[in-house]
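Take a look at the structure set out below.
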Amino acid sequence: MQNEILRMLNENARLTPGQIAERLNKSEKEVAAMIKRLEEDNIIKGYRAIVDESVFSPNCVKAIIEVKVRPERDGGFNNIAKRVSKFSEVSSLYLVSGGFDLLIEVQGGTLQEVADFVSSKLSTIEGVISTSTHFLLKKYKESGKMLHNEDEYERLKVSP
Amino acid sequence: MKDSKSHHKKRIAEHISVLPKSGIRDFFELVNTMDDVISLGIGEPDFVTPWHIRESAIYSLEKGHTSYTSNLGLLSLRKEICAYLEKDYELDYDPVRECIITVGVSEALDLAIRAIVNPGDEIIYHEPCYVSYAPEISMAHGVPVPVVTREENNFAISPDDFRKAITPKTKAILLNFPCNPTGATLTVEQKKEIAEIAIEHDIIVITDEIYSELTYDDKSPSIATFPGMQERTIFLHGFSKAFAMTGSRIGYACGPADLIDAMMKVHQYSMLCASITAQEAAEEALRNGRSEMEKMKREYWQRRNVIVKRFNDMGLHCVKPNGAFYAFPRIKDTGLSSNDFAKRLLSEKKVAVIPGTAFGACGEGFVRCAYAASMEDIVEAMERVKDFIKKL
Ligand SMILES: Cc1ncc(COP(=O)(O)O)c(C=O)c1O
């Protein structure tokens, strides 16, 4: 049941315990208790809408930054990754395989803000060897949701 | 102009002119004249074919694969099908001699019946059932022999009723579990008993398992797996439902080589082969389609839980179907006939359901509600039905 609930909320966080219970054939109480536990255990980390941010912050700038770092003898990439993730400009941060080590998503109010973050904050951190910044031009899909509408195609209204 | 009816009295073959038109057709005409209808009358997935499958069809066209295939269908697809049946159904078929690709299960069913029926042979099937069964048998000059399945038996066919329907002319029994329109499935014990009767009376079993992936709680093995059954079973399956590929028109039949060979003759002369684009897409569905299929199945399962609970809560008794995407609630107690219920619900509340009688006379007192519709539509439709019966 736990995974089923997580899957459903991940898809649509506005489902109520009652709705979830009906779909899973469980009682509302059971589901509410499970959700509470998942919240307490920090498995559910929060709820928020997937929105078109350009509406409320039209000048918002996002970038993806590839970062090469020198791992430390104790702690490898962990310390530096945790340190970078403390910056409020950083919205996501991953350790990745391949030609660089950290993949960072940052956002700022203006292009200048993001550029300043990279040059004065990120690249000056001890252990950061190099950065490569890609500014995002247009978003097509986020968290599994396409951001453009496709024409609806209607089935026959009745079929055997 | 002369009255064409009287002038051309004999234009239409007798066995065709006596065929009834599908009751679903009438309803279709009616619904089509209305706007903003929530339809629970649609017997196909509301999902579009998963993108990776559509993409492989596009790629097939891009590569210029636009020819006929062998009559039996692409060998690579037949191999993929037999491997899938071995893994998921514990069925062992030879892709070269025991498998044929068809234009949907519709054609596979037609081939199976035409290949085995002599005029006057009886084919037993269960009602309420898919609208094509009795006409298919009649068109092949066979005699359709319906066996009623009952609500108190969760719409499973009773082996005793099967036995009682057998005569010296019985050639085959046609099974469809999970069932359209009831969603019923059979237990292992029921299948075992039916298998034993079929063997005892030397009867061929045609099993239409088009909904088999969409089985929710307990899944019993295919009747073809029971001892002595593979040699007398024609196993029909396809891609329409589980892979949401109704528009691709692709299905298959597996069975003993002599039967498949006979079906192959009919297919060769009537259809030639199924579309190569669809065949290549179907191959992709089997290779990489499992996770998308599971996702759709989870969604159907949730919708089933909701619709069944809502019907029972509002006082319309509804057996919990174990498969397919149909609920078959009893509306007898409203005092309305199935037809009146469906017509009034449509005109007063703009919700389309199909009268149970479209699937056989014994469907009177029931309606078929397909839950291959969005959860929002299902919930809204249930509110409207509740309102509707309150005011009766
Ligand atoms: C029981 C049953 N058999 C066969 C079919 C036809 O399937 P296909 O699209 O493979 O021709 C349907 C379609 O609704 C069905 O419900």
Being open to solvent by 20 Å² or more (accessible area, probe 1.4 Å), part of a helix (DSSP H, G or I) and more than 11 Å from the ligand (Cβ to nearest atom): is that true of B:Gln268 here? yes
Result of the Cβ filter at 6 Å on region B:273-291, keeping first residues that are more than 13 Å from B:Ala242 (Cα to Cα) and partners that are assigned to a helix (DSSP H, G or I) and at pLDDT below 95, at least 6 apart or interchain, is none
Anything in region A:121-160 that is away from chain B (no Cβ under 14 Å) and either open to solvent by less than 70 Å² (accessible area, probe 1.4 Å) or under 30 Å from B:Pro355 (Cβ atoms) (or both)? List them, or say none. A:Leu122, A:Ser123, A:Ile125, A:Gly127, A:Val128, A:Ser130, A:Thr131, A:Ser132, A:Thr133, A:Glu142
Of all the helices (runs of 4 or more DSSP H) wholly in region B:69-168, which have at least 2 residues that are acidic (Asp, Glu)? B:75-89, B:104-116, B:159-165
Of the residues in region B:238-255 that are closer than 17 Å to B:Met271 by Cβ and open to solvent by less than 50 Å² (accessible area, probe 1.4 Å), the one that is farthest from the ligand (Cβ to nearest atom) is B:Ala253
Say we look at region B:99-116 and pick out the residues that are closer than 17 Å to B:Leu286 by Cβ and either away from every other protein chain (no Cβ under 14 Å) or open to solvent by less than 10 Å² (accessible area, probe 1.4 Å) (or both); which of these is nearest to the ligand (Cβ to nearest atom)? B:Gly104
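Residues checked against (1) away from chain A (no Cβ under 14 Å); (2) out of contact with any Phe, Trp or Tyr (no Cβ under 7 Å at 6 or more places or on another chain); (3) in contact (Cβ under 8 Å) with a residue 12 or more places away in the chain; (4) surrounded by fewer than 22 Cβ atoms within 10 Å (Cβ to Cβ):
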| site | (1), (2), (3), (4) |
| --- | --- |
| B:Asn118 | yes, yes, yes, yes |
| B:Tyr133 | no, no, yes, no |
| B:Met139 | yes, yes, yes, yes |
| B:Glu152 | yes, yes, no, yes |
| B:Ala156 | yes, yes, yes, yes |
| B:Phe162 | yes, yes, yes, no |
| B:Ala165 | yes, yes, yes, yes |
Would you be able to say whether some residue in region B:225-237 is buried (at least 24 other Cβ atoms within 10 Å of the Cβ) and more than 14 Å from the ligand (Cβ to nearest atom)? yes
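The values are calculated or read from the model by the stated rules, or taken from the named source; none is laboratory data. Computed from a prediction, not measured in an experiment: that's the story for all the values here. We place every Cβ from the backbone using ideal geometry, glycine too, and count neighbours over all the protein chains shown. Note: areas computed on protein heavy atoms with side chains; ligands, DNA, RNA excluded. Shrake-Rupley method; radii C 1.70, N 1.55, O 1.52, S 1.80 Å.
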